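Each remark here refers to the structure printed beneath this line.
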Amino acid sequence: MISDKSKLHGKRVLLLFPHMILPGGALNYMLKLAELLVQGGATVAVLTLQADMLKYSSIKGVELLTVNGPFTSDISYWLLFPFWQRKISRKIRDWRPDVLVPQVFPANWWAWLYKRNNRNMVIVWICPEPSAFIHSTSWIEALRPFWKKYLARTLNPVLSLIDIRLSSLSDKIVANSNYTADMIERIYERKADAVAHPAIDSSIFYPAVQIKKQEMVVTVAKLSCFKRVDFLLRVFSDVLKIHPRLIYHIVGRGEEEERLKNLASELNISRSVIFHGGLDNKELADLHRRSLLFLHGSVAEPFGMAPLEAIACSTPVIAHRSGGPLEFVNNSCGRLIDSLSEEKWSAEISDFLSMLGANKDYFRGVSQNARKFSWDSTLAPVLQLIADIVPCRP
């Protein structure tokens with residue numbers, strides 16, 4: 001916990017986030033941070049390109065500022081980048097913050113570019129990963145359509161140089177995992193000042209009572225190439241040969257959705273696969289509680305909020321041995337697989353399911369592995385940095 005919350009009192013903290021439309025782990029992180037800052041006595045606002053005003057404009061004690069811009073995935077945003085940056089900078093100047101707290105790219109660029117002309121501004125960057133579409137080959141290769149990927153490849157050397165130079169304008173950098181902290185040190189050649197993991201909403205995801213498990217496995221992910229749900233579908237088709245009663249529940253939306261549905265049809269497993277689209281947190285928690293296993297296909301995921309939520313619901317996780325899952329998946333709540341072989345994955349999953357069938361008591365201890373991820377404890381390092389970095393207002 002933060003040692004002295006009174007040090008937050010009166011400080012003006014402006015959080016920067018690209019858009020507040022689609023729910024997700026990074027947005028939940030930012031909203032919870034805003035809530036805790038308000039509880040500490042800070043004056044808080046969120047600046048974004050666009051927001052679902054019906055859902056987010058009534059957040060208690062938080063002012064919502066928007067410039068009514070496009071999604072950052074739209075080419076129109078980047079073609080008019082100087083225009084949108086000027087609007088964002090004007091909003092920052094008019095609100096008069098003591099500290100800027102950007103998170104997801106390109107919100108970090110908004111803060112850095114503002115500080116180039118306002119050197120006294122303080123920046124605490126919460127880094128879920130170094131600017132992904134610049135430093136991650138996997139993210140670049142996952143871009144669709146092809147021209148976006150080609151453009152990212154072409155501009156990458158210049159954007160990488162700009163990003164690294166601008167990063168020096170951050171007064172403090174907070175990583176969301178130890179894995180991300182290592183990436184920060186490798187790419188930006190400076191150590192993260194703190195690690196503040198995401199956490200679980202205990203009122204939703206922890207099981208009040210143990211629900212009987214059903215013949216189900218689940219994946220929750222944005223349906224993009226980076227999440228490798230196509231790989232999981234091919235693995236599942238093999239697992240079905242040994243566990244034919246299984247149903248695979250896939251939650252999420254994205255540009256790969258139709259292709260994944262077609263792949264399920266090609267594999268002749270459509271009857272055993274359900275695509276849910278989006279679910280709210282309560283529906284998601286119920287699905288987790290009823291499922292035997294969570295399948296996480298990403299490689300080198302910076303953290304992995306979805307598998308941690310599954311563990312909180314007593315659902316074990318199968319994931320690749322890389323990235324954030326290394327920090328919370330162990331033999332008491334799942335398995336980590338070194339290989340990228342479909343055959344290896346299907347064999348490991350089949351064996352794990354057989355073990356669960358013979359050991360019903362296994363589920364009882366799974367949720368304990370998520371207990372240390374509570375918002376009050378995980379976000380304490382961020383609150384402490386903000387409390388210490390600028391003086392209180394009179």
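A simple rule links phi to the HN-Hα coupling: the Karplus curve 6.51 cos²θ - 1.76 cosθ + 1.60 with θ = phi - 60°, which for region 254-268 gives x, 5, 8, 4, 5, 5, 5, 5, 5, 5, 4, 5, 4, 7, 6 Hz, with x for Gly and Pro. For the residue pairs 115/191; 227/360; 55/212; 7/55, the alpha carbons lie more than 24 Å apart in 227/360; 55/212; 7/55. Around the amide H of residue 51, modelled in the peptide plane, lie the amide H atoms of 20, all under 5 Å away and 5 or more residues distant in sequence or on another chain. Spacing of the modelled spin labels on residue 321 and residue 191, each 7 Å from Cα toward Cβ, amounts to 2.8 nm.
Converting phi to 3J(HN,Hα) with the Karplus coefficients 6.51, -1.76 and 1.60 and the offset θ = phi - 60°, region 167-184 yields 4, 5, 7, 6, 6, 9, 10, 10, 8, 8, 6, 5, 4, 5, 4, 5, 5, 4 Hz in sequence order, with x at every glycine or proline. By the helix-only formula, in which each DSSP H run with n ≥ 4 contributes -39500 (n - 2.57) and the sum is divided by residues, the chain has a 222 nm mean residue ellipticity of -12000 deg cm²/dmol.
Dimensions of region 202-370 along the principal axes, based on C-alpha atoms and rounded to the nearest Å, stand at 39, 32, 29, largest first.
Couplings 3J(HN,Hα) for region 85-93, derived from phi with the Karplus relation 6.51 cos²θ - 1.76 cosθ + 1.60 (θ = phi - 60°), are 5, 5, 5, 5, 4, 5, 5, 4, 4 Hz, where x marks Gly and Pro.
Taking amide H atoms as placed 1.01 Å from N in the peptide plane, the amide H of residue 249 lies under 5 Å from those of 217, 218, 219, 274, each 5 or more residues away in sequence or on another chain. Site pair residue 253 and residue 202 shows an inter-label distance of 3.3 nm when each label is modelled 7 Å from Cα along Cα→Cβ.
What shape does the chain have by the C-alpha gyration tensor, where a ≥ b ≥ c are the square roots of the eigenvalues, rounded means a/c under 1.5, and otherwise prolate means a/b greater than b/c and oblate the rest? Since a/c reaches 1.5 and a/b is larger than b/c, the shape of the chain is classed as prolate. FRET efficiency for residue 9 and residue 96, Cβ-Cβ distance as r, R0 = 22 Å, nearest 0.05? Once the sixth-power term is evaluated, E becomes 0.85. So, counting K/R as plus one and D/E as minus one, what does the shell of residues with Cβ under 15 Å around residue 334 add up to? Once all neighbours under 15 Å are counted, the net charge is -2.
Amide H contacts for residue 12 (H built 1.01 Å from N in the peptide plane; partners 5 or more residues away or on another chain; cut-off under 5 Å): 43, 98, 99. Between residue 286 and residue 238, the distance separating the two model label sites (each 7 Å from Cα on the Cα→Cβ line) works out to 3.5 nm. With the Cα gyration tensor of region 291-370 giving a ≥ b ≥ c as the square roots of its eigenvalues, does the rule (a/c under 1.5 for rounded; else a/b larger than b/c for prolate; else oblate) give rounded, prolate or oblate? Oblate is the answer for region 291-370, as a/c is 1.5 or above yet b/c matches or exceeds a/b.
Only the coordinates and a few stated rules stand behind these numbers; no lab work does. These numbers were taken from a predicted model, which means no experiment stands behind them. Cβ coordinates were reconstructed from backbone atoms using ideal geometry, including for glycine residues, and neighbour counts include every protein chain displayed.
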